[in-house]
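Undergrad: Before anything else, here's the structure in question.
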């Protein structure tokens, strides 16, 4: 086992370092970036403390950018499919993915009220990075979860320029997790949440394919949290301010999110050759991985999932929709046999579960607007519980 599989780049322990007994074989970095070509970038905004002043802070937010084929592959489509467990959220561009089963640009993830800035920033960045595509229409994929408990969410702190900087920073390699990028102000199971990632290797004949998962985790109530089949949330010796905070008298002050609410975005990447229906089938397995961590899927949680395949084939080589076959030319495709999909489904479920745990564990306490506080999940107490103490 490599150190990156169990520890973050800054040395903090991930789920595998804390006795969680996770199944499956991870890739080198145990991250979505184990899928060849996938690059991830962040911009993190943390500033100020004390009472909320809209437009001034405190700020606890950011942007995550995922380039499915890296910068060099911009505009070259991947087959794709998506699934909505609960629609109280936003993922732009999904109607076109449903229509043609392709994803041809970056994915950005931020806070709920930054969708407009993310959309504009992505278009500006593509036009600056690939001026040869400036005559094409663009439908960026921008997703969100709500960080208003800790962040000045109405303050407009995520700008198109910040989004462009996140896209510019995207690279391969091991990833930071927790309170970074779009996950900066997020909470999960009434602990500090945010970003988590994991991967699995899949053997198929002479080939080894990779399934990578990236999660922006902002969901679940304390009583639901389950690790290694044990309900541990209420046994962890940490207070629970997020489920006891009440309305305040200050203008624009808001209460903590209802138990279970918040949202979760999950992005799945693989280099296995899949068609759009198979990508959608993988996205439908995400709830099984989330359920292993305890959630029952609150109506106030927007749970949106996207899966794509970076496998090369003649259909993606055409560059559609930025190019098309000549009249009369058929487009061949290559895909996994349906009766061999189970190993990929298993990989999704295992990697989603591990990604959520990594988002919780690679983290620290955070205090945000109006003194709202999100405590980190305590490692020592978790170790004791998992050891039966």
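The values are calculated or read from the model by the stated rules, or taken from the named source; none is laboratory data. Computed from a predicted model, the values in this text were never measured in an experiment. Every residue, glycine as well, gets a Cβ built from its backbone with ideal geometry; the counts of neighbours run over all protein chains shown.
Undergrad: Which ones in the stretch 189-228 are farther than 20 Å from residue 300 by Cα, in a loop (DSSP other than H, G, I, E, B) and touching a residue at least 12 places away in the same chain (Cβ under 8 Å)?
TA: 228
Undergrad: Which count do you get for residues in the stretch 190-231 that are out of contact with any helix residue (DSSP H, G or I) (no Cβ under 6 Å at 6 or more places or on another chain) and surrounded by 24 or more Cβ atoms within 10 Å (Cβ to Cβ)?
TA: 5
Undergrad: Could you pull out the residue among 356, 349 that is touching a strand residue (DSSP E or B) at 6+ places or on another chain (Cβ under 6 Å) and modelled with pLDDT of 95 or more? Step through it out loud before you land on a result.
TA: Numbers: 349 fails: touching a strand residue (DSSP E or B) at 6+ places or on another chain (Cβ under 6 Å).
Within the list 356, 349, the selection yields 356.
Undergrad: May I pose another question? Looking only at the stretch 66-91, which residues are crowded, with 19+ Cβ neighbours inside 10 Å and more than 17 Å from residue 309 (Cα to Cα)?
TA: Correct list: 85, 89, 91.
Undergrad: Based on what the data block shows, is residue 54 surrounded by fewer than 22 Cβ atoms within 10 Å (Cβ to Cβ) and modelled with pLDDT of 95 or more?
TA: Details: surrounded by fewer than 22 Cβ atoms within 10 Å (Cβ to Cβ): yes; modelled with pLDDT of 95 or more: yes.
It is true that residue 54 is surrounded by fewer than 22 Cβ atoms within 10 Å (Cβ to Cβ) and modelled with pLDDT of 95 or more.
Undergrad: Here is a further query. Can you pull out every residue in the stretch 20-47 that is surrounded by fewer than 16 Cβ atoms within 10 Å (Cβ to Cβ) and more than 16 Å from residue 180 (Cβ to Cβ)?
TA: We begin by selecting, within the stretch 20-47, every residue surrounded by fewer than 16 Cβ atoms within 10 Å (Cβ to Cβ); these are 21, 23, 25, 28, 36, 47.
If the condition is that a residue be surrounded by fewer than 16 Cβ atoms within 10 Å (Cβ to Cβ) and more than 16 Å from residue 180 (Cβ to Cβ), then 21, 23, 25, 28, 36 are the ones that fit.
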